[in-house]
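Colleague: Quick one: this structure, given as structure tokens, is what I'll be asking you about.
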Amino acid sequence: MFKKILIANRGEIACRVIKTAKAMGIKTVAVYSEADADALHVRMADEAVAIGTAPARESYLVIEKIVAACKATGAEAVHPGYGFLSENMAFAEALKKAKIAFIGPDPHAIHAMGDKIESKKLAREAGVNMVPGFLEVIRDADHAVKIARDIGYPVMIKASAGGGGKGMRVAYNDVEARDGFRSATSEAKSSFGDDRIFIEKFIEEPRHIEIQVLADGHGTCLYLGERECSIQRRHQKVIEEAPSPFLDEKTRAAMGEQAVALARAVQYRSAGTVEFIVDGKRNFYFLEMNTRLQVEHPVTEMVTGLDLVEQMIRVAAGEKLKLKQSDIKLKGWAIEARVYAEDPVRNFLPSIGRLVRYREPKAGSSVRVDSGVYEGAEIGMFYDPMIAKLVTYGADRRAATQAMREALDAFYIRGLNHNMPFLAALLAHERFAAGRLTTGFIAEEFPDGFHGVDLAPEDLADLVAVAAILHHQYELRAHSRGRRFHSNGNAVAGKWVVKLGTEKHQVTLAETAAGFAVLDGRQSRELVSDWKLGDVLWRGRIDGRSITVQIDRIGIGYRLTYAGAQANLLVLTPRAAELDQHMLVKQPPDMSRYLLSPMPGLLVSLAVAEEQEVKAGEELCVVEAMKMMNILRAERDGKVAKIHAKSGDSLAVDQVIVEFA
């Protein structure tokens with residue numbers, strides 16, 4: 001077994017590999033860019049080596065620097081994680097030449113499966129079901145349109161070297177095929193240095209279901225069940241689960257056998273994933289093979305009881321798998337939600353900044369958090385905006401879902417925007433509960449984007465009761481310390497008016513043996529909690545129901561977060577409530593004449609000039625952020641009055657780019 005390994009990655013996956021290595025008694029080496037000097041993976045590793053400046057192309061993607069770090073520290077093997085160099089054949093070959101083990105497949109397998117065009121040809125030869133498509137090189141946009149017409153719309157335009165949803169577009173007509181080819185080519189070149197594109201039939205109402213495979217160098221190749229990854233946004237997975245609520249045993253076995261056949265065809269060794277598109281009749285078609293550990297591997301670990309990183313390390317060290325296919329049993333249910341630094345109500349634009357407050361839900365048998373951050377850490381613009389992966393487990397799908405909803409309520413992040421309100425909305429959706437999933441789920445259920453969560457009246461009434469108790473306890477403390485405010489007598493009496501939006505609730509509180517009874521109108525609630533003043537989470541029971549509410553004090557009011565929704569509440573004395581109706585509301589400034597940068601990023605190009613007339617839908621500029629090209633278009637007809645930025649400028653969020661007359 002190896003004595004020391006280097007992790008050629010960063011963030012949560014580097015931390016996750018380090019944990020397993022330490023459990024195996026293996027020393028670890030971290031590598032880091034200037035931007036990651038204070039990162040968690042650097043702190044966790046036994047040693048750390050600086051490898052360059054912040055841009056990945058100058059640090060994490062430089063093969064020579066990784067190999068040099070191995071030699072300098074005596075690392076015998078490298079785990080690449082996912083992304084960066086994890087599927088780079090040249091990297092695997094360079095390590096082999098340096099006599100350093102690669103904790104992953106052999107270079108020939110990476111090459112065979114890394115090119116999506118060639119991998120489909122190999123899959124066809126191995127007898128794997130295929131989607132109709134054009135696998136040769138596409139010359140230009142006109143050629144793309146012709147191919148799309150021949151295949152028949154809708155089609156999927158994809159980067160041959162792509163991954164992570166980058167370089168992918170769905171086209172339903174000639175215009176979309178032409179635009180999609182241009183955008184996909186640009187993203188592919190920027191992200192992967194390879195602008196080759198292929199086109200295949202887009203399966204309507206598709207599910208994205210993948211099979212985890214595990215193989216050693218002694219002839220054993222297994223499939224470890226499937227993962228349902230259909231809930232995606234812009235082809236980027238958002239929620240994954242194992243097993244799939246759709247597959248039956250017959251289909252699961254057929255998919256697993258085809259995945260193993262493909263792995264054997266390329267003499268695969270290590271953990272890998274074969275991805276399929278599955279239609280409504282359980283027909284399945286090969287999509288691609290990822291020759292690395294997947295982001296969503298924890299759900300497979302939860303239902304199989306296996307540590308995939310440990311298995312990868314043992315295989316790379318030449319050990320034989322101690323498992324047979326009959327040993328693989330799926331027990332229970334696991335769900336993973338990706339927590340990203342992005343603003344879901346602003347079309348999921350990246351949100352960079354410092355994690356001013358960061359508290360993960362308590363880990364246990366039903367909750368796992370894979371993260372690479374800590375309170376005070378910064379999410380920058382150079383890398384993926386993932387904050388953490390939240391994984392929950394239950395005896396069945398319903399239990400795993402409930403555990404996830406409760407864990408999201410307890411996950412407290414402040415300092416930047418995040419997507420947890422959206423995750424909560426997905427998990428609460430009746431279609432998710434029914435398991436009626438497709439890759440179009442988000443687009444179909446949120447066609448106009450995500451605009452927040454609306455709580456039921458009963459939930460809002462719960463928040464009114466919680467706010468009243470919070471304020472009451474703060475005021476009781478003030479009264480006990482002899483502070484003389486107008487509300488102190490009211491605190492003793494327990495009479496408050498809770499303002500929620502335009503509604504005002506007359507509330508009376510009374511202490512009980514276990515907590516408080518809260519009378520709101522004619523309805524009474526009993527609230528029990530061990531909450532202490534200053535705690536950011538109110539955990540307790542309301543009439544026997546468990547509930548966790550996040551608390552922020554906003555001025556003299558409270559912002560409560562529950563089930564993905566936020567509610568601003570103001571707790572007043574009856575007299576203050578009478579006077580409150582005379583308070584003026586400040587109106588926000590009118591910014592409709594300006595095109596603002598919706599995210600921090602690079603202004604790649606400007607398509608307009610001063611005095612130019614523009615039409616609704618016309619391209620104005622392209623902003624690159626987190627390696628994604630975002631085309632900003634005119635919302636209505638108008639005339640450009642002034643250009644405030646130029647191509648190549650680094651933009652801050654809400655920075656003015658164009659001013660209209």
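Any read-out appearing in this document is the output of simple, stated calculations on the displayed coordinates, not a laboratory observation. No experiment lies behind these values; they were computed from the predicted model shown. Here the Cβ is made from the backbone with ideal geometry for all residues, glycine too, and neighbour counts use every protein chain on show.
Colleague: Using the eigenvalues of the Cα gyration tensor, what equivalent ellipsoid semi-axes result for region 594-660 when each is taken as the square root of five times the eigenvalue, whole Å, largest first?
Modeller: One finds semi-axes of 19, 12, 10 Å for region 594-660.
Colleague: Treating only the Cβ of Lys, Arg, Asp and Glu as charged (+1, +1, -1, -1), what charge dipole size does the chain show about its Cα centre? Round to the nearest 20 debye.
Modeller: 1520 debye
Colleague: Going by Cα centres, region 138-200 and region 53-125 are how many Å apart?
Modeller: Here the two parts' Cα centres lie 26 Å apart.
Colleague: Restricting to DSSP H runs of at least four residues, report the calculated mean residue ellipticity at 222 nm for the chain, -39500 (n - 2.57) per run over all residues, nearest 500 deg cm²/dmol.
Modeller: -8500 deg cm²/dmol
Colleague: What do you get for Rg/Rh over region 4-103 if you use C-alpha atoms and the Kirkwood form of Rh?
Modeller: The Rg/Rh ratio comes out at 0.92.
Colleague: Relative to the longest principal Cα axis of the chain, at what angle does helix 397-410 sit, 0 to 90 degrees, rounded to 10?
Modeller: Taking the Cα atoms of the chain, the angle to 397-410 is about 60 degrees.
Colleague: If neighbour count is taken as other Cβ atoms inside 10 Å, put ASP580, ASP384 in order from fewest to most.
Modeller: Ranking ASP580, ASP384 by Cβ neighbours within 10 Å, fewest first, gives ASP580, ASP384.
Colleague: On to the next question. Quick one: grab the alpha carbon gyration tensor of region 457-580, order the square roots of its eigenvalues as a ≥ b ≥ c, and give me rounded if a/c is under 1.5, else prolate or oblate depending on whether a/b is larger than b/c.
Modeller: rounded
Colleague: Follow-up. What FRET efficiency comes out for the pair GLU635/ALA23, r = Cβ-Cβ distance, R0 = 41 Å, nearest 0.05?
Modeller: Calculated transfer efficiency: 0.15.
Colleague: Rounded, prolate or oblate: pick one for region 85-148, where a ≥ b ≥ c are the square roots of the eigenvalues of its C-alpha gyration tensor, a/c under 1.5 means rounded, and failing that, prolate if a/b is larger than b/c, else oblate.
Modeller: oblate
Colleague: Among 54-65, 530-541, what's the highest-first ranking by average C-beta atoms within 10 angstrom per residue?
Modeller: The peptides rank, most packed first, as 54-65, 530-541.
Colleague: Please report LYS166, LYS4 as a ranked list, fewest other C-beta atoms within 10 angstrom at the top and most at the bottom.
Modeller: Exposure proxy ranking, most exposed first: LYS4, LYS166.
Colleague: So which trypsin sites (Lys or Arg not before Pro) in region 95-137 end up in coil per DSSP with only 13 or fewer other C-beta atoms within 10 Å?
Modeller: Counting only loop positions with at most 13 other Cβ atoms within 10 Å, the trypsin sites (Lys or Arg not before Pro) in region 95-137 are LYS99.
Colleague: Hey, another quick one. Can you list the aspartates and glutamates whose alpha carbon is less than 14 Å from that of LYS166, not counting same-chain residues fewer than 8 positions off?
Modeller: Excluding near neighbours in sequence, the set is GLU187, ASP194, ASP195, ASP384, GLU624.
Colleague: Regarding the chain, what whole-number volume in Å³ per residue does the convex hull of its Cα atoms give?
Modeller: 178 Å³
Colleague: Right, next: What pairs from LYS389/LYS532; LYS4/LYS65; LYS19/LYS322 go past 24 Å between their alpha carbons?
Modeller: LYS389/LYS532
Colleague: Return the distance in nm (one decimal) between the two label points of a simple spin-label model at ARG436 and ALA126, each offset 7 Å from Cα along Cα→Cβ.
Modeller: With each label placed 7 Å out from Cα toward Cβ, I get 3.5 nm.
Colleague: Please list the non-local residues whose amide H lies under 5 Å from the amide H of LEU651, H modeled 1.01 Å from N, same-chain partners needing a gap of 5 or more.
Modeller: Counting only residues 5 or more places away or on other chains, the set is GLY601, LEU602, LEU603.
Colleague: May I pose another question? Antiparallel DSSP bridges in the chain: what percent, to the nearest 5?
Modeller: 90 percent
Colleague: Could you list the GluC sites (Glu not before Pro) in region 545-629 that lie in coil according to DSSP, counting only those with at most 11 other Cβ atoms within 10 Å of their Cβ?
Modeller: GLU611
Colleague: Give me the aspartates and glutamates in straight-line cross-link reach of LYS99: C-alpha distance below 13 Å, same-chain residues under 8 apart excluded.
Modeller: Counting by Cα, and skipping residues close in sequence, LYS99 has these aspartates and glutamates nearby: GLU76.
Colleague: Report, ordered by chain and residue number, the aspartates and glutamates lying within cross-link reach of LYS504, taken as a straight Cα distance under 12 Å and ignoring same-chain residues fewer than 8 apart.
Modeller: In chain and number order, the partners are ASP520, GLU578, ASP580.
Colleague: While we're on this one: Compute the semi-axes of the equivalent ellipsoid of region 132-201, taking the square root of 5 times each eigenvalue of the Cα gyration tensor, and list them largest first in whole Å.
Modeller: They are 18, 11, 11 Å, listed largest first.
Colleague: Calculate the spin-label point distance for LEU533 paired with ILE556, positioning each point 7 Å from the Cα along the beta-carbon direction, and give it in nanometres.
Modeller: Modelled inter-label distance: 1.9 nm.
Colleague: Please identify the chymotrypsin sites (Phe, Trp or Tyr not before Pro) of region 353-447 that satisfy two criteria: DSSP loop assignment and at most 15 other Cβ atoms within 10 Å. Which are they?
Modeller: Passing sites in region 353-447 are TYR374.
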